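> The structure is given below, and queries will be raised subsequently.
The values are calculated or read from the model by the stated rules, or taken from the named source; none is laboratory data. All values reported here derive from a predicted model rather than from experimental measurement. Virtual Cβ from ideal backbone geometry, glycine too; neighbours counted across all protein chains shown. Heavy atoms of the whole protein, side chains included, go into the accessibility calculation; ligands, DNA and RNA do not. Shrake-Rupley method; radii C 1.70, N 1.55, O 1.52, S 1.80 Å.
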Amino acid sequence: MQAWSSRLQRALYLVASALIATVVLITGVEASETAPAEGSVAQQDYRADQFIQVEDEVLTETLRQQAELQVEPEYLRDRTVEREVQVEVSNFLDAVSYEDFYDRFVPVTSTTAPPTTTTSTTTSTTTTLVEGAVPPPTTEGTTTTTTTSTTTTTTTLPPPTADERAAAVAREFAQIDEDVRQLFIQVGLDDLERIADGQEPLFPTIETASRGLVAEVYNDQDGIRSDQLNTIKNDLITSPRVLPELPVTLENTLELEAAVSKLVARVLQPSEFEDEAATNERIEEARAAVPQQIAAFQEGETIVAAGDLIGSVEAAAIADLLSRESQAPERLSIGAVIFAVVGLCALYLRRNRPALWSEPKKVGLFGILVVLAALVALSVGAFNEADSAIAFVFPGVAFGFLAGLLFDTRLALLVALPVAVAMAVTTGSLPVTLYAAASVIAPLPFISDVSSQRSLRSAVAYTAVAMVPIAAAMALLFLGEDLVVEASIFAILGGVLGGIVGLGILPFFGNLFGITTMLTLLDLTDRNHPALRLLEEKAPGTFNHSILVGTLAARAARAIGAKPLLAEALAYYHDLGKTEHPNLFIENQFGASNPHRWLPPEESAAHIRAHVTDGVSLAREFRLPPEIMEGIRQHHGTSLMRYFYNKAVQEQGTDVVAADYRHVGRKPIAKEMAILMMSDSVEAAARALAYQDSPTAEGLRKIVDDVINEKLEDGQFDESDLTFGELNKVKEALLEALVSHYHHRITYPNFPGSGDPKSTDEP
């Protein structure tokens with residue numbers, strides 16, 4: 001339903017923009033209106049001189065949309081997925097069990113009848129025990145002869161240890177939680193002892209219960225949809241299912257039940273998928289069932305009175321009243337051209353820019369640019385004269401700045417198409433049309449790598465200068481030599497005007513549509529920003545760390561063609577939450593005692609984890625953009641706080657749950673977010689190395705590789721669109737930045753720690 005809502009929004013935005021642009025352009029090319037337009041105020045009474053019927057398209061579409069929204073999607077259940085999940089469970093349990101070693105621990109006993117030559121009863125029992133088995137006890141009152149022999153085979157390798165099995169299982173089943181793997185491996189080892197004691201093993205019951213739980217979960221839901229999967233998984237983990245009666249009594253039954261539920265939760269996959277064809281068919285049937293709505297006016301009936309607002313139905317009836325002729329060919333042509341252009345742009349966005357296409361608000365913004373192009377073209381066409389070059393004052397540069405900074409330079413190229421078409425419709429001039437397209441493209445080379453306010457101002461100046469030869473060439477080719485100078489002057493004016501207008505309204509569109517523009521990022525990276533001043537005052541160590549992380553992140557972003565200014569802004573604010581309790585973070589302690597030395601590790605982890613949530617709260621308070629808040633949430637992802645986790649293990653043993661020592665953020669999604677995570681961790685590790693020893697290039701390379709590989713193995717980049725090639729480029733960029741930061745310095749004579757006062761080491 002949400003997908004259909006997004007599609008409907010996109011369709012409405014595009015259709016509305018095309019319709020509005022068409023109306024604007026038709027208004028510009030027609031000398032006068034033959035009938036009052038929809039939405040205008042009637043200047044006189046209009047009465048039907050005969051019976052008039054008009055289609056009420058608005059009411060019809062509204063009713064059809066309501067019928068469409070009431071259609072429930074159709075789903076198909078794929079049982080193959082459920083069987084694959086069953087197999088996955090079995091494969092895991094086979095991998096962690098010790099079933100292959102059961103026969104080596106089962107006692108095998110044979111009994112010989114007593115001899116008949118004596119009157120006393122003597123039972124001779126010969127018991128052959130497999131390696132590792134325990135001989136059975138003797139029976140009181142009988143004479144028992146026990147012969148114990150060890151079966152000798154060609155291969156008598158002992159069962160693998162828990163650590164050996166854990167290493168093998170971790171490689172093949174990394175998606176299963178470590179605590180679950182360890183528990184099942186221990187159960188498998190315990191089964192060997194149970195068999196040796198003559199008891200039944202526990203693993204067959206566990207496998208039956210696990211497979212039964214998979215079937216139960218799928219059957220309870222009649223299949224699982226993707227939107228249900230996380231809820232079902234969380235329910236299994238938080239409310240483990242009760243196991244059937246076990247063949248042995250365990251002290252950790254609850255822990256085992258939780259492990260079985262968690263195992264099933266980790267391997268569950270959606271098995272119910274929407275049948276789009278059937279759903280679409282039902283939607284079409286529902287829409288078709290709504291008849292076309294008709295508005296009728298009887299002869300002599302008032303259609304609209306003077307002073308009343310004219311709606312779509314009234315406007316159509318008045319148009320039918322005044323003229324029953326079909327629409328002029330010019331109107332049809334203009335509408336066809338505009339709809340074709342908007343349709344082509346929509347097709348390009350859908351196929352080549354899926355990320356932007358998935359956001360209806362941005363599609364709506366693109367539609368607004370199309371409408372603005374029509375309005376500006378209408379104003380230029382109103383005063384354009386055949387023997388003048390005044391049309392070259394057209395501020396098409398504004399569309400280049402807006403599209404390039406709101407979206408990107410590639411999409412700005414697409415905006416040149418509707419701008420040129422609008423100018424062609426209103427002016428009918430080939431040179432002006434070509435100039436309009438060129439004016440949109442001209443500023444793009446100058447704003448592709450903007451990093452300061454000064455560079456934006458320079459971009460306006462450069463663009464105005466670049467428009468001069470373009471306008472001069474157009475005038476020389478199409479208008480004559482006499483208009484070359486005039487065209488050049490108007491081009492400079494249009495370039496400056498377009499740049500000022502574009503940059504002036506850019507913040508308005510950015511705030512209205514929630515887009516973080518280049519201007520916003522420049523403001524955020526200004527160190528006089530109130531949030532950064534707060535960080536510098538309350539947590540100066542964290543402030544310096546953030547600035548250095550920003551340098552690393554920007555350099556890494558440039559290395560892979562990401563957005564360096566965004567990466568730098570994310571880095572500046574990622575630790576904003578540390579201002580709440582700065583003394584709990586080592587970079588702000590400045591020689592003071594570290595409170596974490598006497599705090600329990602779980603409490604320390606809670607304090608460290610809180611700086612993310614505190615940072616998000618402060619970001620809202622300072623009204624920082626959504627990308628900055630996401631950077632705060634994602635800069636640690638769900639990483640493990642290894643220092644406190646290892647401390648807890650040392651103090652409490654192996655019962656420590658690793659999940660209790662993980663951050664509660666989100667894994668990075670965008671490339672800039674992933675770069676932030678790497679830059680933050682690498683800088684902290686390099687700083688720790690610098691405190692202990694003088695860093696070397698090889699030492700820094702090892703730190704970069706170890707830190708990033710740890711994040712990669714922990715799955716922190718699973719949701720980002722970062723490729724392995726880009727990851728290697730990021731590593732090299734971070735290493736180069738760290739080496740340049742920690743370069744060797746001159747040892748000055750007579751300074752503490754300089755050694756020989758006469759030393760003059762080279763840098």
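> Given the DSSP H assignment, sum -39500 (n - 2.57) over each helix run of at least 4 residues in the chain and divide by its residue total; what's the result at 222 nm in deg cm²/dmol, nearest 500?
Working: 29 runs with 452 residues, N = 763.
Mean residue ellipticity at 222 nm (helix-derived): -19500 deg cm²/dmol.
> What list of ³J(HN,Hα) values in whole Hz, one per residue of segment 533-546 in order, does the Karplus curve 6.51 cos²θ - 1.76 cosθ + 1.60 (θ = phi - 60°) give from phi, with Gly and Pro shown as x?
Working through the residues one at a time gives 5, 4, 5, 5, 6, 8, 9, x, x, 5, 4, 5, 4, 5 Hz.
> Residue by residue through segment 688-701, which ³J(HN,Hα) values in whole Hz follow from phi under the Karplus form 6.51 cos²θ - 1.76 cosθ + 1.60 (θ = phi - 60°), with glycine and proline marked x?
Per-residue couplings from phi come out as 4, 5, 5, 5, 8, 7, 6, x, 10, 4, 5, x, 5, 4 Hz.
> Under 5 Å between amide hydrogens, which residues at least 5 positions from ASP56 or on another chain qualify, with H placed 1.01 Å from N in the peptide plane?
It is GLN293, ILE294, ALA295, by chain and number.
> For the pair ARG331 and PHE508, what calculated FRET efficiency results from E = 1/(1 + (r/R0)^6), where r is the Cβ-Cβ distance and R0 = 45 Å, to the nearest 0.05? Don't skip to the answer; put the middle values down first.
Working: r = 33 Å, r/R0 = 0.72.
Taking R0 as 45 Å, the efficiency between PHE508 and ARG331 is 0.85.
> Find how many whole Å separate the alpha carbon centroid of segment 622-636 from the alpha carbon centroid of segment 277-295.
Centre-to-centre (Cα) distance: 44 Å.
> Which angle between 0 and 90 degrees, to the nearest 10, do you get for helix 203-221 versus the longest principal axis of the chain when only C-alpha atoms count?
The two axes meet at around 30 degrees.
> Then there's this: From largest accessible area down, sort SER261, SER740; use a 1.4 Å probe on the protein chains.
SER740, SER261
> Determine the sum of side-chain charges near LYS538: Lys and Arg each +1, Asp and Glu each -1, restricted to other residues whose C-beta is under 10 angstrom from that of LYS538. Numbers along the way, then the final one.
Values: positive: ARG533, LYS578; negative: GLU536, GLU537, GLU580.
So the surrounding residues net to -1.
> Right, something else. Which lysines does LYS233 reach when only Cα atoms under 26 Å apart count, and residues fewer than 8 places away in its own chain are ignored?
Here the lysines satisfying the reach criterion relative to LYS233 are LYS262, LYS667, LYS711.
> List the residues whose amide H sits under 5 Å from the amide H of VAL304, counting only those 5 or more places along or on another chain, with H placed 1.01 Å from N in the peptide plane.
Counting only residues 5 or more places away or on other chains, the set is TYR46.
> If you fit an axis through the alpha-carbon atoms of helix 162-172 and take the longest principal axis of the Cα set of the chain, what angle between them do you get, 0 to 90°, nearest 10?
It is inclined by approximately 30 degrees.
> If you roll a 1.4 angstrom probe over the protein chains with everything in place, what fraction of the accessible area of the chain belongs to carbon and sulfur, to the nearest %? Before the final figure, lay out the partial values.
Numbers: 21440 of 39720 Å².
Of all accessible area on the chain, carbon and sulfur atoms account for 54 percent.
> Still on this structure: Taking amide H positions as placed 1.01 Å from N in the peptide plane, with prolines and chain starts having none, which residues 5 or more places from ARG662, or on another chain, fall under 5 Å of its amide H?
MET641
> Give me the number: length gained by fully extending ALA610 to ASP227, i.e. 0.36 nm times residue separation minus the C-alpha to C-alpha distance, one decimal in nm. Spell out each step's value before the answer.
Details: separation 383, 0.36 × 383 = 137.88 nm, distance 2.93 nm.
Using 0.36 nm per residue and subtracting the Cα-Cα distance, I get 134.9 nm.
> Determine the per residue accessible area of the chain with all protein chains present and a 1.4 angstrom probe, expressed in square angstrom.
Values: 39720 Å² over 763 residues.
Ligands and nucleic acids excluded, the result is 52 Å² per residue.
> Straight-line reach only, C-alpha to C-alpha below 12 angstrom: list the aspartates and glutamates that LYS361 could link to, leaving out same-chain residues fewer than 8 apart.
Correct list for LYS361: empty, as no aspartates and glutamates qualify.
> Using the alpha-carbon centroid of each, what span in Å lies between segment 672-733 and segment 235-264?
Going from one Cα centre to the other spans 39 Å.
> Under a no-solvent Debye model with one identical scatterer per Cα of the chain, what's log10 I(q)/I(0) at q = 0.08, 0.10, 0.11 Å⁻¹?
Each listed q maps to, in turn, -0.94, -1.20, -1.29.
> Still on this model: If you plug each phi of segment 405-410 into the Karplus form 6.51 cos²θ - 1.76 cosθ + 1.60 with θ = phi - 60°, what whole-Hz ³J(HN,Hα) values come out, in order, with x for Gly and Pro?
Karplus values, whole Hz, x for Gly and Pro: 8, 6, 10, 6, 5, 5.
> Please give the helix 360-383 orientation as an angle from the longest Cα principal axis of the chain, in degrees from 0 to 90, rounded to the nearest 10.
10 degrees
> Here is a follow-up. Distances over 25 Å make up what percent of all Cα-Cα pairs in segment 255-371?
Numbers: 4487 of 6786 pairs.
Taking all Cα-Cα pairs of segment 255-371, the fraction more than 25 Å apart is 66 percent.
> Next up: Take the cross-link list LYS538/LYS563; LYS578/LYS647; LYS563/LYS671; LYS702/LYS729; LYS538/LYS731 and give me the ones stretching past 20 Å between alpha-carbons. Working shown, then result.
On the way: LYS538/LYS563 29 Å; LYS578/LYS647 22 Å; LYS563/LYS671 9 Å; LYS702/LYS729 15 Å; LYS538/LYS731 32 Å.
Listed pairs above 20 Å: LYS538/LYS563; LYS578/LYS647; LYS538/LYS731.
> Which residue, chosen from SER429, VAL217, PRO418, occupies the Cα position most advanced towards the positive end of the dipole of the chain, where the dipole is computed from +1 (Lys, Arg) and -1 (Asp, Glu) charges on Cβ about the Cα centre?
Of the candidates, SER429 comes out farthest on the positive side.
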